[in-house]
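The values are calculated or read from the model by the stated rules, or taken from the named source; none is laboratory data. This is a predicted model, so every value here is computed, not measured. Heads up, the Cβs are rebuilt from the backbone with ideal geometry, glycines too, and the neighbour counts pull from every protein chain shown.
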Amino acid sequence: MKTRVTFLSAFMALIVGCSSVASHAQEYSGKKALEALYGIAMIKNAVELKVKSTGCTTKEDFVIELKFSGAEAKLEVVRTKPDMCRRMPKIITITKTLDYSAIEPNLSIMLLNPLKASHK
């Protein structure tokens, strides 16, 4: 009986672990994962982003999409590659080039990403 309980416990741990890994992988495979931002600033011809990193995040891991629809502009920051390093998480600043010269000076830009507060 004890062997059966041990086997069932190990089997359940395996199933839970696999489903956790599968859901994380699915987040980056084809689906758009909007990155939670800890800050954003639009500077001349670029965007500065504050994002969480566990050691391997680079600016190449993100794509910035600026979409126009009528009289409004929408900005999305999408992480294309997960940070699989295991260092203590910290907030880093990355700068991505973005040509927003086509935007009228008074046009508002809607950020579609969630914002998070940094607890420093």
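Quick notes on this one:
- Checked against the criteria, Thr58 counts as under 19 Å from Lys32 (Cα atoms), hydroxyl-bearing (Ser, Thr, Tyr) and out of contact with any helix residue (DSSP H, G or I) (no Cβ under 8 Å at 6 or more places or on another chain).
- Taking first residues from the range 21-44 that are under 15 Å from Ile91 (Cα atoms) and partners that are loosely packed, with under 10 Cβ neighbours inside 10 Å and modelled with pLDDT of 50 or more, the Cβ contacts under 7 Å between residues at least 6 apart in sequence or on separate chains come to Ala36/Pro114.
- Annotation: of all residues in the range 74-120 being closer than 17 Å to Asn45 by Cβ and hydroxyl-bearing (Ser, Thr, Tyr), the one that is surrounded by the most Cβ atoms within 10 Å (Cβ to Cβ) is Tyr100.
- Screening Thr57 against (1) over 26 Å from Asn106 (Cβ atoms); (2) in contact with a Lys or Arg (Cβ under 7 Å, 6 or more places away or on another chain) leaves a single unmet condition, (2).
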